[in-house]
Amino acid sequence: MGIVFIAAGLAYGLLAPAPPVLAESPDELPPNQRLIRLDEIHEHNRTADTYWVFRGDKVYDITDWVPNHPGGEVILRAAGGSLEPYWNIFTIHQKQEVYDVLEHITATLQCSGNRRSHMTQASRPTVGLQWGVGAIGTATWTGVRLRDVLADAGLDLQDPDEDIKHLKFVGAEAYGASIPIDKAIDRHGDVLLAFSMNGQPLPRDHGFPLRVLVPGHVAARSVKWLSKIVISDEESTSQWQRRDYKCFGPNVRASHPDWDSAPAIQETPVQSAITSVRRVQADKLLDSALARVYGLEEDSVVLEGYAFAGGGRHIVRVDISPDRGHTWLQAQLQDDGAKMGASGSPDDHRAWAWRQWRAAVPATQVSGKFCVKATDDSYNVQPDTFEPTYNFRGNLANAWHRVPVIRDDKPS
Ligand code: HEM
Ligand SMILES: *[C@@H]1O[C@H](CO)[C@@H](O)[C@H](O)[C@H]1NC(C)=O
């Protein structure tokens with residue numbers, strides 16, 4: 001029989017992809033995850049072509065890691081079984097840096113223009129692609145740490161020269177951007193040179209063969225098709241650094257901004273959006289998973305969406321209003337494996353991935369529009385309207401997301 005473990009999709013890459021979660025029954029498995037029986041793990045022992053190990057409820061493919069393991073081939077003793085007994089002896093492993101080797105980074109990339117169309121509709125015209133809620137995405141990434149590459153190239157990470165201020169990235173077709181050197185060398189900054197996405201080689205559209213991944217920063221800094229890295233005393237001079245991705249006051253017109261007066265966008269502000277609204281009838285709920293999750297007893301509207309804060313700040317709360325902001329309730333934050341960023345600790349600032357959320361509202365409480373707003377762990381909140389943060393480029397549009405209530409009574 002054996003205990004049942006779950007691993008994400010196929011185990012690929014440096015080690016296993018998205019952190020799998022132990023579920024009570026196979027129906028509750030998140031997407032891209034599957035149950036793995038202990039017998040199957042045993043087969044990936046040192047006589048096999050690929051080596052698997054497990055720790056807790058997660059399974060890891062360590063095949064590519066074996067030649068890189070500082071302790072050498074002795075690691076193969078654990079192949080096909082649990083890491084724990086060995087790590088209890090070789091206690092050098094019981095620290096965060098080693099645990100981090102096991103995990104990929106799950107990070108969200110968000111365009112500075114996400115939700116730009118909402119700003120345009122609620123305020124005035126903006127210049128740029130009129131994005132809805134979809135200029136944002138989340139993936140697991142594998143690569144080498146940029147700070148390790150810089151150290152290897154001779155940069156003194158402990159005490160870099162005073163005049164080193166920025167790291168410039170040059171990509172294909174002259175695209176370029178830069179980030180502050182502190183982010184690049186921060187042990188907890190998790191900046192990667194990524195060659196794999198969701199356990200597969202980086203797709204061409206996502207920057208094959210190599211892209212930068214700057215988690216917590218606006219996606220424009222995660223330069224694709226990377227060709228060159230320059231240590232510099234100044235920011236990139238590209239228009240994407242010096243012009244496009246900046247915010248000015250609501251009064252400033254597109255015709256004469258003082259470009260240098262505003263800083264380039266790096267970390268992004270707290271954001272949230274509703275991505276699904278479903279009306280659910282009570283009699284249809286009785287034995288459904290939704291009814292169990294919410295304990296619903298009456299006709300309800302189920303909302304789902306995402307919330308994301310830049311700079312690695314955690315989302316601490318998502319508030320939903322079923323009536324234009326008069327009354328509020330708290331959405332349930334999904335335990336989607338991405339919630340803690342790289343390190344698994346709620347106390348750090350490494351929440352690199354969005355939190356998905358859902359909420360159910362009794363149909364009788366619904367009137368006017370639904371609103372959503374999120375709060376991050378610095379208690380930053382989203383503005384209620386777009387007017388105060390209007391900027392002619394429509395960047396960082398993060399006012400409350402409002403969606404009309406659905407009127408038809410058809411069950412979904
Ligand atoms: C995926 C699983 C493993 C990972 C990610 C891993 C990672 C590492 C790392 C990062 C170090 C260097 C630590 C340091 O110098 O601070 C190390 C050293 C070492 N590892 Fe592992 N290890 C794994 C599994 C194992 C297993 C299963 C064994 C034994 C059966 C083992 C035996 C050793 C030994 C003996 C050293 C110490 C070498 C020395 O003293 O310099 N490792 N490992
Ligand atoms: C090791 O794996 C092979 C198949 O890869 C299997 O035939 C064998 O029984 C395994 N050994 C143990 C001890 O599980």
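The values are calculated or read from the model by the stated rules, or taken from the named source; none is laboratory data. Just so you know, these numbers come straight off a predicted model, no measurement behind them. Heads up, the Cβs are rebuilt from the backbone with ideal geometry, glycines too, and the neighbour counts pull from every protein chain shown. Surface areas here come from the heavy atoms of the whole protein model, side chains and all, with no ligands, DNA or RNA. Shrake-Rupley method; radii C 1.70, N 1.55, O 1.52, S 1.80 Å.
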For this session: Compare Glu97, Glu43, Glu162 by solvent-accessible area with a 1.4 Å probe and give them largest first, with all protein chains kept in place.
Result: Glu162, Glu43, Glu97
Exercise. Carbon and sulfur: what percent of the stretch 71-116's accessible surface (1.4 Å probe)?
Worked result: 58 percent
Seminar exercise, completed: A 1.4 Å probe over the protein heavy atoms gives the stretch 134-261 a carbon and sulfur accessible-area percentage of 48 percent
Seminar exercise, completed: Charge dipole of the stretch 52-156 built from unit charges on the beta carbon (Lys, Arg +1; Asp, Glu -1), centred at mean Cα; most positive-end Cα among Val127, Leu76, Gly154 is Val127
Exercise. Roughly speaking, what is the centre-to-centre gap between the stretch 218-260 and the stretch 38-103 when only Cα atoms are used, to the nearest Å?
Worked result: 43 Å
Exercise. In square angstrom, what is the accessible area per residue of the stretch 134-261 with a 1.4 angstrom probe?
Worked result: 51 Å²
For this session: Quick one: of Lys246/Lys369; Lys95/Lys165; Lys58/Lys95; Lys224/Lys373; Lys183/Lys224; Lys168/Lys224, which pairs are farther than 20 Å apart, Cα to Cα?
Result: Lys246/Lys369; Lys95/Lys165; Lys224/Lys373
Exercise. How much accessible area does Phe208 have with a 1.4 Å probe, in Å² rounded to the nearest 10?
Worked result: 110 Å²
Problem set entry | In sequence order, calculated HN-Hα J values of the stretch 139-148 (Karplus, 6.51, -1.76, 1.60; Hz; x Gly/Pro) | 8, 9, 10, 10, x, 9, 5, 4, 5, 5
Seminar exercise, completed: Per its Cα gyration tensor (rounded if a/c is under 1.5, else prolate when a/b beats b/c, else oblate), the stretch 134-261 is best filed as oblate
